[in-house]
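Engineer: Attaching a single structure in structure tokens format; questions to follow.
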Amino acid sequence: ANVDVDPDLITHAAREAWMASDFALAEHLAVAARARGAGFEAGLIVGESAMFVGEHERAEAVMAELADMDLAGEERARLANARAFNLAQNLDRESDALAVIDEALAVLDDGATGDMLRGRAVAIHALAPRPSRAVELAAPVLARPDSDEFHRVAYASSIALATVGRLHDAVELGAAGFAAHDRLRDVARQLPESQHVGPVLALVALGRFDAASELATAGRDRSAASFDAESQATFALLDGVVATAAGRVVDAARAFREAAAINTDIGDHVALRWSLGGVCLAAAMAGDRSGAASAVSHLDALGPSSVRLLDAMLVDRGRAWERAARGDVSGAAQVLRAAIDDAVATEQHTAAVLLLHDLVCIDGRADDATRLAGVARFVDGDLVAARVAHATAIAARDADMLESVAGRFAGLGANIEAAVAASHAARELAAAGLDRRARAMEALTVTALAACQGAAPPLQVERAAPAELTRREREIAMLAADGCTNREISEQLYLSVRTVENHLQRAYEKLGVTSRAELTRALGGQARARGISSTDR
């Protein structure tokens, strides 16, 4: 109406709109306030609003300009905090983000403003991930539960604790962070439910899937009610993580696709990578090779990121399962080994245990089982112990231990792993002439897979394929049964066509077949779904 309005009132309205996640209105009002002479606060709202609608470069330009103003200590700290978040999380400029924090700390008095920036540094190191460094930086603030920044530091530190393997500590700290954050619910834009991220990751690794799902659902519902797209995407992603671990592959795919759609809309390419990795993983677990391949193509187009918190668990693991789903088990093992080396080097012990377990299920090598046991010493919980026992049993071809660990997985609700262990146990028990126990394990395999919404794990589950094939013979035989030509198999496995022909001929002789149609029937008609048994060495 062209009325002369107090710019401070407009700025206040802009901040209210921002708190309500109406970023377009927030920026509109903040721009109007600046046109009427408003200063730093209105400018910061413009930058933060641009950041939250995915215009990250423009947000940095606005905030860099604000940094040249004569700012009070709290203003400088708030600006450095927002700018560092945008640089690290959205623009993949981690070193610049840490430099912004260091520059601000150099001129600020200690106290609440210093804690705010140290909390941002903790978050950057937790996401990198450098979990030990994050925990180290967090310790002084966490020692003061009455600090205004306790909840921020608890959020990032609980994620770091879950990453490094201190799972029970992560759950406990997340609960304390939520209690502190909940007291600020009416004055903090970030939802208190954000404190659930670290605990959800920890509870999944502990095998407490129901508790993890309860927290993820609470965060997702609250985010949707608050129109907080970023948090909604985060909790959709976590829903996918929980569903994947429990073997609910349809639910997992749906949740990961939702996360990918929201992250695309808001321009969060880091979280989009993790979401697409989850889509790939869930599709491969369901035997959906085209869906998994499509996700890989989208991942390739995005490129890498320095923010790698969930890369090993979702992106690298998804790529490995996608290769295994199309019969390239050697390629899957190669992807897993590279990811494991990176995870161990960066103290991502929880992810390293998960990937090492997959690797042992593929290759069955005793040295990988030993390495798994070594890394698992850093990680809490019964599920990790079950994975170590399973890997040890695979390497030793111990029927009794395989039978026992299948029951342990089933009791935890880790249905895909229960099916895998039961199928291994059934084979070893049958080979030992223990037919009744073998049939019980076959029944458990069927029951566990029935709870997995149609999952067809390509890495491990096997029922009818004969044990006398070598690993390479079976790999080539399955690809052939799945319709690949000898030339395609040779290119996929980096073998000569003659070598492929020789392996395939020996497989024909051992199976007593003379054609690919008979080969497919001999492999139970499910070569694509079953994959290579790790016990055939």
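Engineer: Can you find even one residue in region 185-192 that is open to solvent by 30 Å² or more (accessible area, probe 1.4 Å) and modelled with pLDDT of 95 or more? Quick ask: steps written out before the conclusion?
Structural biologist: In the first step, residues of region 185-192 are kept if they are open to solvent by 30 Å² or more (accessible area, probe 1.4 Å); the result is 185-187, 189-190.
Still in the list and also modelled with pLDDT of 95 or more: none.
No, region 185-192 has no match at all.
Engineer: Out of everything in region 135-170 that is open to solvent by 40 Å² or more (accessible area, probe 1.4 Å) and in a helix (DSSP H, G or I), what residue ends up being nearest to Glu193 (Cα to Cα)? Can you show your working first?
Structural biologist: Initially, region 135-170 is screened for residues open to solvent by 40 Å² or more (accessible area, probe 1.4 Å), giving 136, 139-140, 142-146, 148, 152, 155, 166, 168-169.
Those still in the list that are in a helix (DSSP H, G or I) too: 136, 139-140, 142, 152, 155, 168-169.
Numbers: Glu136: 24, Ala139: 22, Pro140: 24, Leu142: 19, Arg152: 12, Tyr155: 10, His168: 18, Asp169: 18 Å.
Here the residue is Tyr155.
Engineer: Out of all the residues in region 10-51, which are surrounded by fewer than 18 Cβ atoms within 10 Å (Cβ to Cβ), under 22 Å from Asn90 (Cα atoms) and of a type in the set (Asp, Glu)?
Structural biologist: Listed by number, the list holds a single entry, Asp22.
Engineer: Can we say Thr264 is within 17 Å of Leu237 (Cβ to Cβ) and either out of contact with any helix residue (DSSP H, G or I) (no Cβ under 7 Å at 6 or more places or on another chain) or of a type in the set (S, T, N, Q) (or both)? Write out each step before concluding.
Structural biologist: Values: within 17 Å of Leu237 (Cβ to Cβ): yes; either out of contact with any helix residue (DSSP H, G or I) (no Cβ under 7 Å at 6 or more places or on another chain) or of a type in the set (S, T, N, Q) (or both): yes.
Criteria met by Thr264.
Engineer: Just a yes or no: is a residue in region 90-112 open to solvent by 40 Å² or more (accessible area, probe 1.4 Å), within 15 Å of Arg308 (Cα to Cα), in contact (Cβ under 8 Å) with a residue 24 or more places away in the chain and within 22 Å of the chain's Cα centre (by Cα)?
Structural biologist: So far as region 90-112 goes, yes, one or more of its residues are open to solvent by 40 Å² or more (accessible area, probe 1.4 Å), within 15 Å of Arg308 (Cα to Cα), in contact (Cβ under 8 Å) with a residue 24 or more places away in the chain and within 22 Å of the chain's Cα centre (by Cα).
Engineer: While we're on this one: Scan region 333-359 and report the pairs whose first residue is outside any helix (DSSP H, G or I) and whose second residue is among the aromatic types (Phe, Trp, Tyr), with Cβ atoms within less than 9 Å and a gap of 6+ or a chain change.
Structural biologist: Glu347/Phe378
Engineer: Here's a follow-up. Taking region 476-512 as the region of interest, how many residues are among the charged types (D, E, K, R), modelled with pLDDT of 85 or more and either buried (at least 18 other Cβ atoms within 10 Å of the Cβ) or in contact with an Asp or Glu (Cβ under 9 Å, 6 or more places away or on another chain) (or both)? Reasoning before the result, please.
Structural biologist: We begin by selecting, within region 476-512, every residue among the charged types (D, E, K, R); these are 482, 487-488, 491, 498, 501, 506, 509-510.
Imposing the further condition that a residue be modelled with pLDDT of 85 or more reduces the set to 487-488, 491, 498, 501, 506.
This time we only want the ones that are either buried (at least 18 other Cβ atoms within 10 Å of the Cβ) or in contact with an Asp or Glu (Cβ under 9 Å, 6 or more places away or on another chain) (or both), so: 506.
Looking only at that region, the number is 1.
Engineer: Still on this structure, please answer the following. In region 269-289, which residues are open to solvent by less than 10 Å² (accessible area, probe 1.4 Å) and either without any contact (Cβ under 8 Å) to a residue 12 or more places away in the chain or of a type outside the set (A, V, I, L, M, F, W, C) (or both)?
Structural biologist: Residues satisfying the conditions are Ser275, Gly277, Gly278.
Engineer: Output the residues belonging to region 362-402 that are under 19 Å from Pro457 (Cβ atoms) and of a type in the set (Asp, Glu).
Structural biologist: Asp363, Asp368 - these are the residues of region 362-402 that are under 19 Å from Pro457 (Cβ atoms) and of a type in the set (Asp, Glu).
The values are calculated or read from the model by the stated rules, or taken from the named source; none is laboratory data. Here the structure is a predicted model, which means the values were calculated and not measured. Using ideal geometry, Cβ is built from the backbone for each residue, glycine included, and neighbour counts are taken over all protein chains shown. To get the accessible areas, we keep the full protein, side chains included, count just its heavy atoms, and leave off ligands, DNA and RNA. Shrake-Rupley method; radii C 1.70, N 1.55, O 1.52, S 1.80 Å.
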